[in-house]
1. Apply the a/c threshold of 1.5 to the C-alpha gyration tensor of the stretch B:62-136 and tell me whether it is rounded, prolate or oblate.
2. Could you identify which residue out of A:277, A:309, A:145 has the top mean-square fluctuation in a GNM of chain A using Cα springs shorter than 10 Å?
3. Under 17 Å from the 7 Å Cα→Cβ point of residue B:58, by amide nitrogen: which residues of the stretch B:1-33?
4. With angles folded into 0 to 90 degrees, how steeply does helix B:382-391 sit against the dominant principal axis of chain B? Use alpha carbons for both and round to 10.
5. Taking the number of other C-beta atoms within 10 Å as the exposure measure, put A:97, A:159, A:15 in order starting with the fewest.
6. When only Cα pairs under 8 Å and 6 or more residues apart are kept, what is the percent relative contact order across the stretch A:1-114?
7. As I understand it, the value is the acute angle between the Cα axis of helix B:156-166 and the longest principal axis of the Cα atoms of chain B; what does it come to in degrees, rounded to 10?
8. What relative contact order, as a whole-number percentage, does chain B give when Cα pairs under 8 Å and 6 or more residues apart are counted?
C-alpha cells in the first residue's frame, strides 16, 4: 500500500467524520456552518494575495520565454507570433490558450521503445482531455453555485445551469458538470496509481486535493439527487452568509455540513499548496514574456558590475607572441627589452 | 569508448519501470561512465570561485567547507529573492508527469531521477523543508509527515544526489515546452549548479574551459598566435581546394563588423570545416561587395561555459564581446553557429552587459536589410545574415557540389527553444544543397532533442551518459538514414558538431556531421576559383574521381 495516498485518504475520512459528527454537538452548526467558512474564506483570500505578492517581489532579471515556434527576424520569414510571441498581443493570446485550453499539455506525447530499438512518440491526448474536463467542470459547478449566493440570480448563471442540464435526465435534472468532475477526478487519481512513473513522483499532497475534491463533488451529488437537501433552507442560509447576517437554518442535514467543511478545507489548503498553480501560471516567465530581447533591452534591477579579464591584461600576457605572428597590438614592447626589432604592420 | 556498453546492451538496459522503493529512500549511486570528473582546483582558483580543492566524486569525503549547509541555505534564499522563475517553479508544479518522458536522459537511461519533474523535486524537497510555511508546520509533526508532503532535510546524501543529477541535465528546455505552466528545468538546473559552485562542486569539463576562456578568450585555451596559425592553415586548405587565397583579418580596428564564433570551429573537426565555410563566405563578400569584417583573438569564443557555472560567470565571460567591439570600433557583430552561445546572446547579453549604445543598429552592407530584431543587442546570427544574402540573390552557388550529401537538420536546443531560429538555417540549407529530408516532427524544431552532451557534459569519462542522452536524437537520424539514405546531419552548434559525431559513430554509423556554413562553402563559387575536385573535407566530389582516372 502506498502511504502517500493512504494517509491522504485517511485525512479526508477524518475530515468527513469531524464535520458529520461535529455538527451534532451543541454549537456545531454555528462552528462548521459559520465560523469555519468565514475563516476559510479569509485565509484563502489573504493567503492567495500574499503568495502572489511574494512571487511578484522577486524580479524577473532576464527575458527567458520558452520559444515554441519561429522567431520574428527577417520580414519574409513567417513568424509564430503565438508560440513565439514578438508582441504583447501575441503573449496575451499565448496566455489565453495556455490558461483556457492548456495549449502546452495539448502537445503531450507518449514515448515508447518499440522492437527494442525504435523510439516512437505518439500524441497523448487523455491527460489533456481529462485535465481540461476537470478544470472546466469544476469552474462550471462553481459558477452554478452563484445561484446560492445571489438574489435575484443573474441570467448568465441561470443560462449556464440550463445548458449544464440540457440532457434533462431525471428530477432534479442531471447536471453534466458534476458527473464530468467526478469522472475526471477519478481519471486523474487512477493515472496516479496506475502509471508507474506518475505513481513514483506522486506525493501525499497530490492525492489529498484529489480526494478532497472527490468528496466535495460526491457530497454535492448526494445532496442533489439522493438525500434531496432542503434547497430553500440552504439558500436562506447561504444568503445569510453573503449578507453578513449569518444564522443557521435547522434541518439542512449532516451531508451539507460535510460538503461545506470540505470546501472550507480546500480553501484553506489552497494558498499553501500546489493548487497555487492557478495564480502561478500567470507569473511564469517562460510563458508570459515577449521574445524580443535582441530588439528591446530588458533591464535586470539587480545587475551588478563583475570582474572581467580586460583586453589590456590579455595583451600584456600575450604581446610578444602577438607581435611575432603579426597581430596588431595596442602597446608595442618597450625599447629597453627589444627581443627583436620592432615591426609595424 | 572502451568501457561504454555496446549500443544493443545500452538499449536492453533501459527499463522505464521505477524502483520499488520511493525515490527519497533510494540513495544516490554515483556510477562510472555517468559522472564527470571534479573541477581542477587550478581552474576554479584562476577565476576566483570559492573553495578550490582536490576532491573526488566517488570518494565518501568531498572535502566540503565546514559550514556548507549554511552556504547553500543562504544561497538558496538569495536566488529565490532574485529570480521569480525559481520561486514560482518551486511552488507550482502539480507533478502531472507530462515532462517525464520528454527528457532525452530519461528516455536513454530510464533512471527515474532523470524525469524533469523528479530532478526538480530533488531541490524542491529541500525548498519545502526550509522555506515554506506548510513544510515547517507539517515537518514539525514528524519525519513521516515530511515525506508525505515531499519535504526533506539537506544532508550529504541529498547534496550528492543534487550534484549527480544536475550534471545529467543539459538545460535543453524540452520539458518546458510540454509543461502546462512552462516550468523550465533549465532554470532549476542553472540555480542548482550555482549553489553547487558556492561550495566548489563544479565538474572539470566546465571549470577548465571557463578558466581558459577567461584567460585566452576561448575555451580551448588557444593563444592568439596559435589561433592565427590555425586560420592560416585553413587559408592554405582553401587555396589548395579552390585556388583562391583568402586573408582573414584579426583584431583590426575600424572594421565594420566583428565576427565571433565558438572556438570549437577553429580547433575541433568537423567544426573546422564550418570555419572554412565562414572564411570563404567572408572572402567572397569582400571581393564582390567590399565586405569589411574582422575576427578577434581576444573575443575568440562565442560559447560561454560560464552559463553552466553561474549567472555571474556567464556575464564575466560574455563581457568580452562588447568590450572588443568597443575597442575595435566596429558597427555591429555577427555571431557564428553555436547553440547556448546564442541563448546567452539572445536572452542575456544585452541585459547583462548592455546597453551597446556604442554600436549601430545592424544593417547588411550588401543587401541593405535592417536587422530590426537585433536593433538593441546589435548582434546578428550568421544564419540570419546568410539567409538574407541568398534571398537577395547575392551569392553564386553551385548546389551540385553538395549532391553527394543527403542532409537532415538538427535544431539545436538553445536556438530553437531559447530564440526560435528555425527557418533561417533551413532556408540556407535548401538553397545550397539539393537533398534535404526532415526528421520526424516530434523530434525537430521546438521539440528537438539535445545531442546528449550540452551544457558542459561533453567530457570523455561520462561517455555512457552521453550516449544515453544522445539516443533519441540518434534514433530519429537513424529513421531518415534508413528511409532516405541520409548521410549528413547538419546543425548550427559547435557542441553538436563534436557531440553528434561521437553519437553518430556509436548509434548510426555512416552518418557524418556538418555545420550549415560548411555546405555554403562547398556550394559558393568564389571569384576566380579553379574547378573544384574535392569538397571542403578534401574528399573527391562526385564524378571527379573518374575525371582523375581518365
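1. Values: a/c = 2.31, a/b = 1.44, b/c = 1.60.
It is oblate, given that a/c is not under 1.5 and a/b is not larger than b/c.
2. Ranking A:277, A:309, A:145 by mean-square fluctuation puts A:309 first.
3. B:1-5, B:28-33
4. On a 0 to 90 degree scale, this one is about 40.
5. Working: A:97 16, A:159 10, A:15 19.
The fewest-first ordering by Cβ neighbours comes to A:159, A:97, A:15.
6. Working: 46 pairs, mean separation 10.3, N = 114.
Over the stretch A:1-114, the number comes to 9 percent.
7. Value to nearest ten degrees: 20.
8. Details: 1032 pairs, mean separation 94.0, N = 550.
RCO, chain B: 17 percent.
Every number here is computed from the coordinates shown, using simple stated rules; none is lab data. It should be emphasised that the depicted structure is a prediction, and the values quoted were computed from it without experimental measurement. Counting neighbours? That spans all protein chains shown, and the Cβs are built from the backbone with ideal geometry, glycine included.
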